[in-house]
Structure formats: structure tokens, C-alpha cells
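Read through the structure below, which is laid out as C-alpha cells, and then see the notes.
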Amino acid sequence: MWDLCTNALDTAKLRGASYGDVRVMHLRQRDLTTKNGQVGTLSQSESIGLGIRVLANGAWGFASTDRLTREGVAACAAQAVSIAKASALAKREEVILAPEQSYVDSWQSPFRKDPFEIPLETQLALLLAADAEMRRIKGVTLTETDMQFRKIDSWFASSIGSRIHQRKVISGCGIAATSFQGEEIQKRSYPNSFGGQHALQGYELVQSLDLMKNAPIVAEEAAALHSASQCPEKIGTLILGASQLGLQIHESIGHPIELDRVLGQEANFAGTSFLTLDQLNQLKYASSIVNVVADARLDHGQGLGTFAYDDEGVPAQCTDIIKDGQFRGYLSNRETAHLVGLDRSSGTMRTESWNRLPIIRMTNVSLLPGTWDYDDLIADTHDGILMETNRSWSIDDRRYQFQFSTEIGWEVKGGKKVRMLKNPSYSGITTEFWNSCDAICKFDHWTLWGTPNCGKGQPMQTMGTGHGASPSRFRNVRIGTAFSNQ
Amino acid sequence: MKPAAKSKVAAASASASSPELLRERELRRIIGSVLRLAKSTGAEETEVHVDEVADALSRFANNAIHQNVAEHGLTVSIRTVADGRTARATTNRIDEDSLRATIEASLSLARSQPKNPRLLPVPAKQHYSRVNRFIKPTAALSAEERARAVRRACDLAVKNGQVAAGIYSNGQSQSALGNSRGLFAAYRETHSEFSITIQEGPAASWAKANSADVRAYDPQKLAARACEKAHLAVNARELAPGRYTVILEPSAVLDLVGFLFYDFAATALEDKRSCLIDRTGRQLFGQNITITDDGYHPLQQGAPFDGEGLPRQRVLLVDRGIPKNLVYSRAAAKAAGKQPTGHGFALPNEYGEAPMNLVFTGGDSSVEKMVASTERGLLVTRLWYIREVDPYEKVMTGMTRDGLFLVENGKVTGAVRNFRFNQSLIEMLNNVELLGPAVRATGEEAFEMVVPAMKVHNFHFSEVTKF
């Protein structure tokens, strides 16, 4: 692979590129699903190709190809330079890259059991057994299970001399029960909705989930939701389960801190951000107990945003985003770092595949654990609503106003969970919401959740991001808006 | 832009243009190779998809191109059948060893599972209607031409003291499908898109077009429209949330009604996850709502065959407000005692089928007439981040974006801060007062479809944001 990389970089230089970086990537994926006791999807895929990004005449060009011959790669590199020269026809400023060292390294994400070595029969048997457990419950009208495994090898080379090989193994698994009754569809998922939990782990992730124990629980809850009371509409106290809080972090902290959005580079599609440059170190983003980091290092955990180097050849880092409630940092790359006074990229350039340009992405954007025991948090809540497992999510294009709904809610009265609520939802303004946080559970309740489906960029790229969170409490939140009908 | 000038530039800069797609005989050769290899590996039946794409996209922001990309890729996806079981394996390597390994992987997957009682034999040869959606000038558009068009759009923004961001893209793709019973289908198309957001201080507006034919729209006109609307959008004032009469431009309509298409899948009803459960055959929407799935409509794109190689059929989904028909894959049709409609996804999958080419019957109004007829209401340019809140009542939430305007006494009187909506699509399609002509609409949440602008009363805005 290094020969292909060298060939591409040499061709780019010869054609007039002042900088180039190239990624050869080999992606393997296996998908298994069941539905109502039958196998649904059963497929695997592999894709290998090369993408090269170059600077020529002070502007960017990128081209990719799956023709991994000497001629194919040279033509691709030449095309990238031609495209960069075309970009220069509509440029306003020269691209300036923050300095970075070159690295020669090889890294593999840790895993105990290679999911591609586990017999398919074993994987399917587990899914079908969990599916059967859910179907045992009266009132369940649809059962679904899924597993997804990925193995990604990438060879990164740049014209400053880096040669970095990384191998990542990613696993995901989840189950869901749906119940249609009367004029209502209710659904419960485990351990999270939209495909379950996803992490930079091997098959041990699946084995840690205990699907068989949880299958009847979610199935019973799905059926029971029909007779639960409607979540009231009010201003009140909200406790969010960890997985829902993970998505709240993703949407209302992770996206607004992307410096490309802040600088208007996503204005046409993903949107911009309320976190304009003057807010850095000035904005009180959250209450003083809130600390958020963007941490791609393995030390933070095996999340979907964990790696050794980003796709621009910058080592993984931990960046303070919110420190004691104050806004402290953005996600940057080599091109944007200097615009916020940094002398180095924060290492967040990531690409979906060999045929996509690396763009600024969340790594693991996590809320650090607090001090509360979960039982104490419930006991301390006189009147509130606990919401768990995301059902819908939406936020405006500058990341101010959001609305989430969850699969299930629980009324908390006098320090106890007293009854189930259906159709829970809440909404708010990002900074008002985070400033209302008054309790965060401790590390024992903290999970590094994986969001495997974050869409951004044109052409669209899907990326996995990590979000550590533990159950937390928020005061004076608008509750029940999604189902209000005034 | 003049076509003659285009081809001249393209010829001078071939290396920045898309590579040529494989010819049909080469696609047949790849499929033939797979079928021959599969025969010797014990596959009882085999189906092969070959998909090739060559796309390019220039992205601009802050009045300059900041990303500019091109890609070329080809995948071979192989489904084998063994003893009542099936599975799929996909590769982008087309040497014989890789194809053989992919066949073996597919067979290994297939054999690892229990028998599938719904699995049908692969279909035999089919006949397809011809559609021509491959437009040479679109395929030939070069990076330099895109850059010059972007430059002109950005210069207009700069002249107005505004900031432009957007994309200009073009590409070509093809799909071929063959199976061990002699079925062969092939389709190629071109595609192009220009989308522009203009910011003027905190205000913004947007315009976008998408077509197989790059000559079907003028990026400069779209840029001028976005500039004009962005200027109108300054000094937005805050209104109280509540129920309003809205005039939804086609993009806003598309991104909402695009969430309906899965509900017309027979499998979705069988799974009891469609909003049409117990609701077909009776008046569900207003009598002015008629929806057809028509892959042959001149404003539509996409192959005239589905994931199993069956020809797509026109299906009347909603007739004057009454859901009349569903779409069926082969398996769903057999289970329901119906005929398949050519809307199946590639097997194996758990979703079955969906109509992908929705065409709404339009009306004789227009956005201008709708505004003129409105005493008080809101003109909506575009919607954003739409998600389903209630799957049976089809309540959707989302935001307005890039241009929300107050209409008073038949005139646009100013800009309004963006709202969040929580709105049932079923209710909305009962409240449509006026429809414009159906056009090829493009947004960000749904596939391009053919929908009209709509004037709708009692549209529910639940909250307001800060801009």
C-alpha cells in the first residue's frame, strides 16, 4: 500500500501540488438483522480504494479511485491537482496549514474477540433467541434485532513524510420491540434505539449486553406503554438517562463546537453555529458542574471517536470544551486552528471512506462524570420526569433550539419512580438547558455511547462518534411540547 | 451558459473531468463471469448487481471554493441461494479471485442461517420501458466550469455585501442486474445539482435545483433569487408560536411528504408500523390530494427496475384523498395475494419495498397567487431536521430555515424568526387550500420528488428560536 501512496504523492508533486496527503482504505463490514423470528439482512461487504487531497495554487483538490494500479493511482492524483487548480479560480485566500510533525507508526484498536472470526451461526442464533424472547410477550407486534461489525484498515501518507497504518474493529448490536394497539405505535429498544450500542470493540461488546435478559423487559415495556399515562405538558424537572443525554451532547455541544460550522463552511447543508469566535472563553455554556471534553485517546475509552491519529495525520488529543461551565474549545483541523489562536490542530479530521474528503468531526465528546449516585439522584427529586432512550431528535441549524422525544418516561414523585409515562418529550434552548443542570451521576453510571450515524458534508458522509454520559438532572425544562397541540 | 463553450473547456481539461463509465458489454461480461464462477461453487441461484458511479462536487463557502472533490467507484454485489437460504456479499474488486471469494462469502453467509420460508426463486427475463436520463453535457461538465459558475455566484454575493455557500455537482452512474435465470437489466443516468445559501448578517436564504440535465437550470438565477430573499430576510421579528396559515414552497412540501413514502410499503403494513394500518380505502386526506408513484414521469430519475429486476409500475397510491394501493415486492405480493409492483429492495432485507418516485397531482395556483390570497400567514422557504414524533398520527417535528416571511393582506411584509413545528402530515394533507403546479422539488431530507407548493391552514408551530 505504501507504494501506491508514494506513487500518488509523487505524481501530485510533479503536477504542481505544494502539499498532499493520501489514504488507502480497506473497509470490511458484516450486517445481520432479524425481524419477527426470520433473518432479515445477511450481508457482508468490502471496499478498497485510494483518496488523495492536494494543495495546488493555494487551493484544495481531492480525487479518489478504486483502480489501484500504478496508472489508476497516477491518473487520480493528476485529477486531484487539476481540481485544485480549478478551485483556485474561485478562491479568496491561500490555504494555510498549522505545522505538524511527521509520524511513522502503526496502531490497532484493542479487542478481545474478532467479530469476523465468530461463526455466523453463533451470531444469528443469539439474535434469533433474543427475537423469540421478545415475541413471547403478548401485545408485541414487531420484533427486530441487529448486529453490525466493521474492520477498517487505513494507510495514511503525506508529503511531509508521515506513514501511518491504523486498524479499527467496531461492533454494534441492539434489539427492539414494537407494539401496535388501537391507534398507537409504541416501541422499546435495548441498549439504545436506532441499532443499539456501538463501540470500538470486538465481539465482547455483544456478549456484555445480556440480550436474553433484556429482551423480555423491553418487550413488556413496549406493550405496557399503551396503558401508561400521557407525559404531561409543563415546565419542570427532567432527569435524562445516559443514552439520551449522549445524543443531547451530540446535538447541542458536539455539533456547535465544529469549527468548520462556526466559520460558515457548512452553511449550505449542516448549518452554522451560535458559538461565534467571540464566545470562546467568554460564554457560560453550562452550570459550573458541567465539564465536557473531546477526547479521541484510548485513555477515554473505546468509543466510535477513538483513534491514534486523525485522517490528517495529527495525533489523537483531549481538548477541553466546557470547563466548570465555561466554553473553552472548538474542534479544529490544520486549516482552521490558527483562526482561534491555536498553533496546532486539535486532531479531528475524519473520513468515512477512501472516497470522501476528511472533514472536521466529533471524536468522543463526553460529559465527564459527576458525584451523584443514581439512587440518590432519584431520591433527591421531589417532582420530576425521567426520560430514557431516544425516539426523535431535532435541532435548528445554529444549534440553539432543540426538541427530543424518548421511548419511555417515568414520573418521579417524592424521591421515587412512581409510574410509567408514554410519549415523553422535552425542548429548550441549548445554553439555558445546560445551565440548568444541577446533578450529574458518577463514573459507576457513566457509559461511552456510540452514535454510528452522524451525517455531515457534501457529498454526505456518515461517521461514528462517541459520547460519554451518566444520568443527569435539569431544572425548569419545557416538557411535553412534541405532543402539545395548541 | 452556452453548451458550445462548455464542451470547449471540457476538452481542454480532460483530467479534471469524470472518467468514462464502463460500456454495457463490459457490465454483461462482469455479470457473466460471476454467474459462471457461481455455477461451479454450488450456488443454486445467483443474482449480480454492478453499480458504477463517477461524481464530482465543488463546494463553496465564504464566497470561495473550499472543497472540491471527484470520485469513481464500481461495486459488484452478489446474492446466492442455497437450499432455501440467501445472502449477499459485495466487493469493489473485479479480478476473478476477488469475485470467486465474494461468491464464496455469500454462500457461506447463506448456509449459516435457517431456511427462509418466504424466499422465492430469482425472477426470469423481464421487459423494461426505455427511459433516457443520460445527458452528455451533464457528464461533461468540468471542474473549471463549475468553478467559474461558483465564482460568478460568489461575485454577486460580494457585490451585495452578502456571503455565499453551496455546492455545484455533476456526475454519472449506472446499475446493471443479472441473474442465473437469464434476467438482465441496465440503466445509466446523469445528475447535477446547484444549491446556494446566501447570508446577510444573521439573515439567510436558499435556492436549489437538481436535474439530470445541467442545462435545465441557471446557477446565476438561483444565486440571484437567494440573494434577493436573504435581503428580505433581514430584521426578522419574533412572532408567538401557534397555528398559522402557511405557504410551503415545493422544497418544504417535499421534505415533509417525503416521510410518507415508507408507509405505502405492503411490508410496513404487515409489520404494523405504517400510518395506513386500518386506514386504506377510506377518506384519509383532503379530496385535492392525489399521489402516484411514477418512475417514468419526465421529472423523475432512477432505474425502471427494482432491486430484484422487476419493471417498475406506475401505482396510484392516493386517489382524491383515499389511500387506494400499496407497493409490493415479490415476497410481499405473494404473502398478500397481489401482483408485485416493481418496488422491491435488493434482497435480503427486512423492509421489503417502497415507492421511490412520488408524484403529487398539482393545482393551478402559484406561490404568488397563494400570497395574494392570504390575509395573514407565513411563507416557508425550506424546512430542516425533520423527524418523526408519532408514527401512527404521522406527527413530524422540524424547523423552518433560510427564509420565513410574514404575509399580511396579500403581501410579504417582513421576515420572521424561525419556528419549530409539530405537525401531523395526515392533518396537514386535510388542510390544503391551494396547490401550485407539481415540479421536481429538491430539499435535504427526502429524495427528489414531483410535488407542488401548497397553501395549508392551521399549521402548528410550537416554539420559536433565536434567529
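Report, by residue number, each residue of the stretch B:246-284 that is in contact with a strand residue (DSSP E or B) (Cβ under 8 Å, 6 or more places away or on another chain), of a type in the set (Asp, Glu) and within 14 Å of chain A (Cβ to nearest Cβ).
Scanning the stretch B:246-284 gives B:Asp255, B:Asp271.
Out of all the residues in the stretch B:114-121, is one or more buried (at least 21 other Cβ atoms within 10 Å of the Cβ), in contact (Cβ under 8 Å) with a residue 40 or more places away in the chain and more than 9 Å from every other protein chain (Cβ to nearest Cβ)?
Among the residues of the stretch B:114-121, not one is buried (at least 21 other Cβ atoms within 10 Å of the Cβ), in contact (Cβ under 8 Å) with a residue 40 or more places away in the chain and more than 9 Å from every other protein chain (Cβ to nearest Cβ), which makes the answer no.
How many residues does the stretch B:197-218 hold that are within 12 Å of chain A (Cβ to nearest Cβ), out of contact with any Cys (no Cβ under 9 Å at 6 or more places or on another chain) and not small (Gly, Ala, Ser)?
Residues that pass the stated criteria total 5.
Residue-by-condition table, conditions (1) more than 14 Å from chain B (Cβ to nearest Cβ); (2) buried (at least 24 other Cβ atoms within 10 Å of the Cβ):
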| position | (1), (2) |
| --- | --- |
| A:Ser346 | yes, yes |
| A:Trp354 | no, yes |
| A:Thr363 | yes, yes |
| A:Gly370 | yes, no |
| A:His382 | yes, no |
| A:Thr406 | no, yes |
| A:Lys413 | yes, no |
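Of the conditions (1) farther than 23 Å from B:Asn62 by Cβ; (2) more than 26 Å from the chain's Cα centre (by Cα), A:Val24 clears all except one; give me its number.
Exception for A:Val24: condition (2).
Each row is one residue, and each column tells you yes or no for (1) more than 9 Å from chain A (Cβ to nearest Cβ); (2) more than 23 Å from A:Arg67 (Cβ to Cβ); (3) buried (at least 20 other Cβ atoms within 10 Å of the Cβ); (4) of a type in the set (Lys, Arg).
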{"site": "B:Glu24", "(1), (2), (3), (4)": "yes, no, no, no"}
{"site": "B:Ile31", "(1), (2), (3), (4)": "yes, no, yes, no"}
{"site": "B:Gly42", "(1), (2), (3), (4)": "yes, yes, no, no"}
{"site": "B:Asp51", "(1), (2), (3), (4)": "yes, no, no, no"}
{"site": "B:Leu74", "(1), (2), (3), (4)": "no, no, yes, no"}
{"site": "B:Val81", "(1), (2), (3), (4)": "yes, yes, yes, no"}
{"site": "B:Ala89", "(1), (2), (3), (4)": "no, no, yes, no"}
{"site": "B:Arg93", "(1), (2), (3), (4)": "no, no, no, yes"}
{"site": "B:Glu96", "(1), (2), (3), (4)": "yes, no, no, no"}
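Would you say A:Leu245 is away from chain B (no Cβ under 14 Å), within 30 Å of A:Asp383 (Cα to Cα), part of a strand (DSSP E or B) and at pLDDT 95 or above?
no
Can you tell me which residue within the stretch A:112-129, out of those that are more than 10 Å from chain B (Cβ to nearest Cβ) and touching a helix residue (DSSP H, G or I) at 6+ places or on another chain (Cβ under 7 Å), is surrounded by the fewest Cβ atoms within 10 Å (Cβ to Cβ)?
Once the filter is applied, the top-ranked residue is A:Arg112.
How do the pairs read when you match residues in the stretch B:141-155 that are at the interface with chain A (Cβ under 7 Å from one of its Cβ atoms) with residues anywhere that are in a helix (DSSP H, G or I) and crowded, with 24+ Cβ neighbours inside 10 Å, using Cβ under 6 Å and keeping only pairs 6 or more apart or on different chains?
That search, which allows pairs on different chains as well, returns B:Ala143/A:Ile83; B:Ala143/A:Ala86; B:Ala143/B:Ala16; B:Glu144/A:Ala86; B:Ala147/A:Ala86; B:Ala147/A:Ala90; B:Val150/A:Ala90; B:Arg151/A:Ala90.
So which residues in the stretch A:338-359 are at pLDDT 95 or above, touching a helix residue (DSSP H, G or I) at 6+ places or on another chain (Cβ under 8 Å) and not hydroxyl-bearing (Ser, Thr, Tyr)?
Result: A:Arg344, A:Ile359.
Kindly establish whether B:Arg133 is surrounded by 15 or more Cβ atoms within 10 Å (Cβ to Cβ), more than 12 Å from chain A (Cβ to nearest Cβ) and over 29 Å from the mean Cα position of the chain (by Cα).
In short, no.
So, in the stretch A:325-377, exactly how many residues are touching a residue at least 40 places away in the same chain (Cβ under 8 Å) and in a loop (DSSP other than H, G, I, E, B)?
Result for the stretch A:325-377: 32.
With respect to B:Arg243, is the statement that it is surrounded by fewer than 23 Cβ atoms within 10 Å (Cβ to Cβ), within 13 Å of chain A (Cβ to nearest Cβ) and under 25 Å from B:Leu435 (Cβ atoms) true?
yes
Tell me the helices (runs of 4 or more DSSP H) entirely within the stretch B:175-286 that contain at least 3 residues that are within 30 Å of B:Gly414 (Cβ to Cβ).
Output list reads B:219-232, B:250-257.
How many of the residues making up the stretch A:396-418 are outside any loop (DSSP other than H, G, I, E, B) and farther than 20 Å from A:Arg475 by Cα?
1
Residue by residue through the stretch A:436-467, note down the ones that are small (Gly, Ala, Ser), away from chain B (no Cβ under 14 Å), out of contact with any His (no Cβ under 7 Å at 6 or more places or on another chain) and surrounded by 19 or more Cβ atoms within 10 Å (Cβ to Cβ).
A:Ala439, A:Gly466
The values are calculated or read from the model by the stated rules, or taken from the named source; none is laboratory data. Only a predicted model underlies this, so the values are computations on that prediction, with no experimental measurement involved. Note that each Cβ is placed from the backbone with ideal geometry, even for glycine, and that neighbours are counted across all protein chains shown.
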